[in-house]
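First the structure, in the form of structure tokens, and then the observations on it.
Each reported figure results from applying straightforward, stated rules to the coordinates on display, with no laboratory input. Owing to the predicted nature of the structure, the values given are computational and were not obtained by experimental measurement. Cβ placement follows ideal geometry from the backbone for every residue including glycine, while neighbour counts extend to all protein chains displayed.
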Amino acid sequence: METISYDDLGPAKILNIYCPQVPFHAVVVVDNTALGPAIGGVRVSPTVDAHEVQRLARTMTLKSSIAGLPHGGGKAGIMVDPSRPDMERIFRIFARMMSELTEYIPAPDMGCHEKAMTWVKDEIGRVLGLPEEIGGLPLDKLGATGYGVAECAEIAAEYAGVKLPGSRVAIQGYGSVGTAAARFLAEKGATIVAVSDSKGAIFDSGGLRVDKLQAVKEETGRVTNYPGGRVMDGGEIFGVPCDILVPAATPDVINQSNCGRIEAKIILEGANIPTTQEAEKILASKGVLVVPDFIANAGGLIMAAMEYQEKTADEAFIHIATRIKTNAKKILEKAHCEKMLPRAAAELLAYERVRAAMPYREYTYPIRH
Ligand code: NAD
């Protein structure tokens, strides 16, 4: 297992949690809070580890910075199978055990949902992504991140010479982000030709019906039960003929083993860190435009930040569209003019903003409740 590494930004704090009574392990990483209290999702997965949580926490620092939000970056991981029947007990214990880390505000991430956020709310008071019935902006139900991915697609399409209406889209990971991305991209006239989940993939060059796909996934738990189309192994989705590929599941899925097969002209990183650095360079040399995670999938974070400011869902959607499009344009223009990877251009700007704030905030930032 890789160890934690430190640099001039952080991470500021790492909290290891072990509850022998259940038992379960968890970890919280607060990366940097110079710009404000850290927002970051709680990932529930048997395979998540401290190193992955650290990398995701840094992504949140950069995502907040580039989106111009008054927030830092953090992340948590609970190392259990999310389908366990005792998740409420685990979440309540987790929340209690991290309650004193007041500069970290939990939010939903892979393997958890709005309901879990209500348990955290009960225990420690501070949380984002609550159900609307109790004053939250449920970012997964509203499809905040998928909406942002689709808005980002409009800008990326201009730079990659792709016409969004009529373009072919493949989505790896048909969960909260993937389903919303499919819905909003279809609304913009794109054709969803392939989607996958952890059980396999389904492909139809003539297009999959998003409403039917959604119903099949809800009713049967797997996209491969979609009537019609061709069922494939999950990994085959990376090689399907398409213009836009949206990885929306786990880290490092686009790597040296499969990037040579990718036919898409644009990769919109719906997931966090789905493309390895080596693969990103190879794809760039093939002329594939990879829009980095902290630009493309910032919709959920922007909505969470709007919930913190007690804004409405409509206001949040306007912020998502405006901020993501403005940032995507700025970064893709810089990358194009200065012949650098979009990720490098985005990181330069994001690091610059955090470093400029750091002399004013040398200790972690307390939050209001
Ligand atoms: P989710 O748990 O709702 O969905 C994940 C989906 O990925 C599920 O359909 C699952 O079956 C599928 N999956 C898992 N392993 C897979 C594999 N190997 N191949 C294909 N599919 C696989 O999670 P989510 O909230 O949609 O998050 C997905 C990704 O997006 C994560 O990387 C998360 O960090 C990132 N993200 C989420 C949000 C958000 O608002 N939810 C915001 C920003 C980034």
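Taking the Cβ of each residue in E347, E187 as the centre, tally the other Cβ atoms inside 10 Å and list the residues starting with the fewest.
Lowest to highest Cβ neighbour count: E187, E347.
Under 5 Å between amide H atoms, partner at least 5 residues away or on a different chain: which partners does I267 have, H built in plane at 1.01 Å?
Residues meeting the amide H criterion: L245, L289, V290, V291.
Within 10 Å of each residue's Cβ, count the other Cβ atoms and sort Y174, Y18 from fewest upward.
Ordered from fewest to most neighbouring Cβ atoms within 10 Å, Y174, Y18 come out as Y18, Y174.
Which residue, P227, P20, P247, has the most motion in a Gaussian network model of the chain that connects Cα atoms within less than 10 Å?
Among P227, P20, P247, the largest mean-square fluctuation in the Gaussian network model of the chain belongs to P20.
Over the Cα atoms of the chain, what Rg and Dmax result, in angstrom?
Computed over the Cα atoms of the chain, radius of gyration and Dmax are 19.4, 59 Å.
Using only Cα atoms and rounding to the nearest 10 degrees, what angle (0 to 90) does helix 299-308 make with the longest principal axis of the chain?
30 degrees
May I ask you to sort E236, E278, E333 by Cβ crowding, counting other Cβ atoms within 10 Å and putting the fewest first?
So the ranking, lowest neighbour count to highest, is E278, E333, E236.
Near the amide H of N32, under 5 Å away, which other amide H atoms are found, from residues 5 or more places off or on another chain, if H is placed in the peptide plane?
The answer is A12, G73.
Once both axes come from the Cα atoms, what is the angle between helix 87-97 and the longest principal axis of the chain, in degrees from 0 to 90, rounded to 10?
On a 0 to 90 degree scale, this one is about 50.
Convex hull over the alpha-carbon atoms of the stretch 204-296: what's its volume per residue in Å³?
Value for the stretch 204-296: 102 Å³ per residue.
Based only on Cα atoms, what mean projected area does the convex hull of the stretch 12-74 have, in nm²?
4.2 nm²
Within the set of other residues whose C-beta is less than 11 Å from the C-beta of Y159, count the net charge using Lys and Arg as +1 and Asp and Glu as -1.
Its environment carries a net charge of -1.
Please go through the residue pairs K265/K325; K217/K281; K75/K141; K115/K325; K121/K330; K141/K339 and name each one whose alpha carbons sit more than 29 Å apart in this structure. It would help to have the intermediate numbers written out before the result.
Details: K265/K325 19 Å; K217/K281 34 Å; K75/K141 21 Å; K115/K325 31 Å; K121/K330 37 Å; K141/K339 38 Å.
From K265/K325; K217/K281; K75/K141; K115/K325; K121/K330; K141/K339, over 29 Å: K217/K281; K115/K325; K121/K330; K141/K339.
How much mean residue ellipticity at 222 nm does the chain get from its helices, if each DSSP H run of length 4 or more adds -39500 (n - 2.57) and you divide by all residues, to the nearest 500 deg cm²/dmol?
Taken over the chain, the calculation gives -12500 deg cm²/dmol.
Mind checking the alpha-carbon convex hull of the stretch 237-361 and giving the volume per residue in Å³?
Looking at the stretch 237-361, the number lands at 127 Å³ per residue.
Mind computing the radius of gyration and Dmax over the alpha-carbon atoms of the stretch 99-235? Å is fine for both.
Radius of gyration, then largest Cα-Cα span, for the stretch 99-235: 17.2, 53 Å.
Which whole-Hz couplings ³J(HN,Hα) result when phi for each residue of the stretch 214-223 is put into the Karplus expression 6.51 cos²θ - 1.76 cosθ + 1.60, θ = phi - 60°, listed in order with x for Gly and Pro?
Per residue, the Karplus-derived 3J(HN,Hα) values read 4, 5, 5, 5, 5, 6, 10, x, 8, 6 Hz.
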